[in-house]
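The values are calculated or read from the model by the stated rules, or taken from the named source; none is laboratory data. What you see is a predicted model, and the numbers here were worked out from it, not measured in a lab. Here Cβ is always computed from backbone atoms with ideal geometry, including for glycine, and neighbour counts include all displayed protein chains. Note: accessible area is taken over every heavy atom of the protein model, side chains too, but ligands, DNA and RNA are not part of it. Shrake-Rupley method; radii C 1.70, N 1.55, O 1.52, S 1.80 Å.
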Amino acid sequence: MDKFIVRRSRSPQDRRPRKSKESKLKQITIKSLPRVVIIEDILHLKSSLEAHKNDTSEDKLLEILEKLKSMNPSTKVLRDTKIGRSVNKLRKSEHQSVKELSRLIVRKWKNLVVEENTPKERIDVRCDAKTEMLRCKARKLICDGLNINLPDPWTEALEKRLFQECRRRVDNSYKRSVRSIAFLVKSDKTLQESVKQGTATPEEILSKCLCRESKK
């Protein structure tokens, strides 16, 4: 049968498109996370830094510092390993490049510590219908004491801080504090004027009411 078959070369249109090779996914490890470091690695680099701190050549020091620069240790890791002290000593190195890199690392780690220890404002997520209704009543009670109408940004900010202070629960402590705040702003005309003029902050009012509650 083969002698009756005429074989011709395929045209570009007849050729099947090649399947593109699927890109292989790289497995993510815990070390890939931005704030995860291995304490043993830090301690190893620290000992290497101490061993080469008096070297006349700066290449080895720069190599160690570059590895440390890529790390983002937490406050606890910095405190436990004391790696910051070892790096900080190199700010007085005779090598200019070592001095600049060590200063850069110290500045970076200080910013990480500040960022980690700065309290972040919690996102105000809407609660269930009953809780939202009680919170709206609390805002209205405070607004009535101030003789202002809803909605009011100052009153909302005050109630939000109180809600977070009460661990996001509308319990007896929350209701008691709302009544205390409403009574305070209603009985103190000077305070009412301060609120309306913007000189009194919600934090001041809340701390004053919480202080009064704790004395009872």
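Answer yes or no: is there a residue in the stretch 131-144 that is surrounded by fewer than 11 Cβ atoms within 10 Å (Cβ to Cβ) and either in a helix (DSSP H, G or I) or outside the structural domain of GLU58 (by the TED database) (or both). First the steps, then the outcome.
Just the residues of the stretch 131-144 that are surrounded by fewer than 11 Cβ atoms within 10 Å (Cβ to Cβ), to begin with: none.
No: zero hits.
Counting only residues that are small (Gly, Ala, Ser) and surrounded by 15 or more Cβ atoms within 10 Å (Cβ to Cβ), how many does the stretch 145-174 have?
Going through the stretch 145-174 one residue at a time, the tally reaches 2.
How many residues are touching a residue at least 40 places away in the same chain (Cβ under 8 Å) and among the acidic types (Asp, Glu) when one looks only at the stretch 38-59?
Of the residues in that region, 1 qualify.
Considering the stretch 65-108 alone, what residues qualify as being assigned to a loop (DSSP other than H, G, I, E, B) and in contact with a helix residue (DSSP H, G or I) (Cβ under 9 Å, 6 or more places away or on another chain)?
Within the stretch 65-108, MET71, ASN72, PRO73, SER74, LYS82, SER93, HIS95 meet the criteria.
On the given criteria, is ASP188 free of Cβ contacts under 8 Å to residues at least 12 places away in the same chain, open to solvent by 50 Å² or more (accessible area, probe 1.4 Å), more than 30 Å from GLY84 (Cβ to Cβ) and not assigned by the TED database to the domain that holds ILE64? Show your work before the answer.
Working: free of Cβ contacts under 8 Å to residues at least 12 places away in the same chain: yes; open to solvent by 50 Å² or more (accessible area, probe 1.4 Å): yes; more than 30 Å from GLY84 (Cβ to Cβ): yes; not assigned by the TED database to the domain that holds ILE64: yes.
It is true that ASP188 is free of Cβ contacts under 8 Å to residues at least 12 places away in the same chain, open to solvent by 50 Å² or more (accessible area, probe 1.4 Å), more than 30 Å from GLY84 (Cβ to Cβ) and not assigned by the TED database to the domain that holds ILE64.
Taking interchain pairs and intrachain pairs at least six residues apart, which have beta carbon atoms under 8 angstrom, with the first residue in the stretch 147-173 and assigned by the TED database to the domain that holds VAL185 and the second of a type in the set (Phe, Trp, Tyr)?
LEU162/TYR174; PHE163/TYR174; CYS166/TYR174; VAL170/PHE163
Within the stretch 60-73, track down each residue that is of a type outside the set (Lys, Arg), surrounded by fewer than 19 Cβ atoms within 10 Å (Cβ to Cβ) and within 19 Å of LYS92 (Cβ to Cβ).
Across the stretch 60-73, the qualifying residue is only LEU62.
In the stretch 117-130, is there at least one residue being within 30 Å of LYS76 (Cβ to Cβ), touching a residue at least 40 places away in the same chain (Cβ under 8 Å) and either assigned to a helix (DSSP H, G or I) or not polar (S, T, N, Q) (or both)? Give the steps one after another, and end with the answer.
Residues of the stretch 117-130 within 30 Å of LYS76 (Cβ to Cβ): 117-125.
Pick out the ones that are also touching a residue at least 40 places away in the same chain (Cβ under 8 Å) and you get 117, 122.
Then drop every residue that is not either assigned to a helix (DSSP H, G or I) or not polar (S, T, N, Q) (or both), which leaves 117, 122.
Within the stretch 117-130, one or more residues are within 30 Å of LYS76 (Cβ to Cβ), touching a residue at least 40 places away in the same chain (Cβ under 8 Å) and either assigned to a helix (DSSP H, G or I) or not polar (S, T, N, Q) (or both).
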